[in-house]
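Undergrad: I'd like to ask some things about the structure below.
Taken together, the values in this text are just the output of simple stated rules run on the coordinates, not laboratory data. This structure is a prediction, so every number in the text was calculated from the model and none was measured.
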Amino acid sequence: MKKAFQRIIPFLTAVILSLCLALPAFAREIDTNRLSLEMKNAPEGTAIIEILVPSEPADDCLCETRDFTVKKKISHYETTQLSDSSGSRPNYSFKSKEDKDIVISKDSEIAKYNDDDGYISLSAHTDGVVETTLNVNTYDDTKAEKNNGIYLQIADKNPASLEDINALKNKFEKFKAAYIDEKGNVLGVTDEFEVTYADEQYAFKADGNKLTLVMNNYTETVKITLLTSLGFPVIIFIAVLIAVFAAALLFCLLAAKKNKAMMNDMDDDL
């Protein structure tokens, strides 16, 4: 019996360590320095949205009003028609790409914007915004531009700066978004604001009058997934293994103690 437990112990140890070491494999890196800016139901003529922050909490990271640049990346697609059993359908093939810098002047309307609630442009008045990128796809069948997403990157530039999206959220707590054109004219401003959590990229999503800040909750999602789909069976399995392991260890200790006692008795008899 003792030998059987001695053989089981290394096996149980290997199994438990394998399960524990496998759990970190669920982890993946989420970039907290980059977030997407998305918009729906925007006023006609809108090129991008600019994030507005309350000026009072921004005091320690304010800089002199400045120009800011939007890096516009335009991808042109050619349209052809494909025919198959389901009929004719459009097919888009890449044709060319061009880059264009849009400079929003410090004298623009958005740079000078300061509403009754004290909200100001994040890009024009703080040094937290490193780069804003606008990706646009154009299709020659409609001659229309389709917005493919806007990305804002925040990085640490001084001790009071905004090193990531968590610092941005914690510092300002509330936000608005301004719909602006390529000259920085303000075409509309959101009013309602909320924070939601989802397993996706950090993002500001503007929809008409509402702005939503999406915070990534991948870690919490993994925990819930592990508990619901794997967690309880794995926990029970590990608990049983630990119980068996403990019992085997206790048995070995008792056996060793008993053997020692027997050896002592034999020495006394001699």
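Undergrad: Given a cut-off of 31 Å, name the pairs among 100/210; 112/174; 95/176; 97/169; 40/100 whose C-alpha atoms lie farther apart than that in the structure shown.
TA: Those over the limit are 95/176; 97/169.
Undergrad: Same structure, new question: Residues with amide H under 5 Å of residue 131's amide H, sequence separation 5 or more or different chain, H placed in the peptide plane at 1.01 Å from N; which?
TA: So residue 131 has HN proximity to 153.
Undergrad: Then there's this: May I ask you to derive the relative contact order of the range 34-216, considering only C-alpha pairs under 8 Å and at least 6 residues apart, and to give it as an integer percent?
TA: RCO, the range 34-216: 31 percent.
Undergrad: Another one. Among DSSP beta bridges lying fully in the range 34-216, give the percent that are antiparallel, nearest 5.
TA: In the range 34-216, DSSP labels about 70 percent of beta bridges as antiparallel.
Undergrad: Then there is this: Could you calculate the contour length gain from residue 255 to residue 69, that is, 0.36 nm times the residue separation minus the distance between their Cα atoms, to one decimal place in nm?
TA: 59.3 nm
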